[in-house]
Amino acid sequence: MDESVEAFWAGFERETGEKVLCRTMGQYFPSPKDRSDWGLLVLSPTGLRFRKTPGENWFASMFKASAPSVSARSEDDLFIPYASITRLTLPPRKFLDFLFGTPFSAFTVHYHHDGQDKEARFAADPKSDILARLRASLKDD
């Protein structure tokens, strides 16, 4: 593994205080009307974390001399403890979804936070085993 990749994940673990059990690229959909945020989906011993990866499109970058240095922090992460997750749902796939839909595996995490039932929609790289490991983590509780 590249040294810079190893250094990134070592720093991530130091920052969050938790070991990374599984990780993949993914999307988070804040609401049905919002565009998705791209970032890292990470499973730790205590929960699911989404860290948005800052970036800008190539068109906008053509008009700037240099891109600002923006680093995401663990305070900005969406973190859902396993203990607060009430269920995990996968939307039914329709026939045309296989042709025109996203190749990423969509799922919704239903959880309880501050006395309210909430949900967070994600999509994960299907080559990753993060969804299977998330399901297994919920069964262990």
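Annotation: of all residues in the stretch 79-107 being among the polar types (S, T, N, Q) and either surrounded by fewer than 13 Cβ atoms within 10 Å (Cβ to Cβ) or at pLDDT below 95 (or both), the one that is nearest to LEU40 (Cα to Cα) is SER105.
Which one is surrounded by the fewest Cβ atoms within 10 Å (Cβ to Cβ), of the residues in the stretch 13-40 that are assigned to a helix (DSSP H, G or I) and either free of Cβ contacts under 8 Å to residues at least 40 places away in the same chain or of a type in the set (Gly, Ala, Ser) (or both)? Outline the logic, then answer.
Residues of the stretch 13-40 that are assigned to a helix (DSSP H, G or I), as a first pass: 13-16.
When the remaining residues are screened for being either free of Cβ contacts under 8 Å to residues at least 40 places away in the same chain or of a type in the set (Gly, Ala, Ser) (or both), the result is 13-14.
On the way: GLU13: 14, ARG14: 10.
If we take residues in the stretch 13-40 being assigned to a helix (DSSP H, G or I) and either free of Cβ contacts under 8 Å to residues at least 40 places away in the same chain or of a type in the set (Gly, Ala, Ser) (or both), then ARG14 is surrounded by the fewest Cβ atoms within 10 Å (Cβ to Cβ).
Scan the stretch 10-27 and give yes if some residue there is modelled with pLDDT under 90 and under 17 Å from the mean Cα position of the chain (by Cα), otherwise no. Looking for residues that are modelled with pLDDT under 90 and under 17 Å from the mean Cα position of the chain (by Cα), one finds none in the stretch 10-27, hence no. Looking only at the stretch 28-73, residues that are at pLDDT below 55 and among the acidic types (Asp, Glu) come to 1 in all.
The values are calculated or read from the model by the stated rules, or taken from the named source; none is laboratory data. None of the values given here were measured: they were computed from a predicted structure. Backbone-built Cβ (ideal geometry, glycine too); neighbour counts: all protein chains shown.
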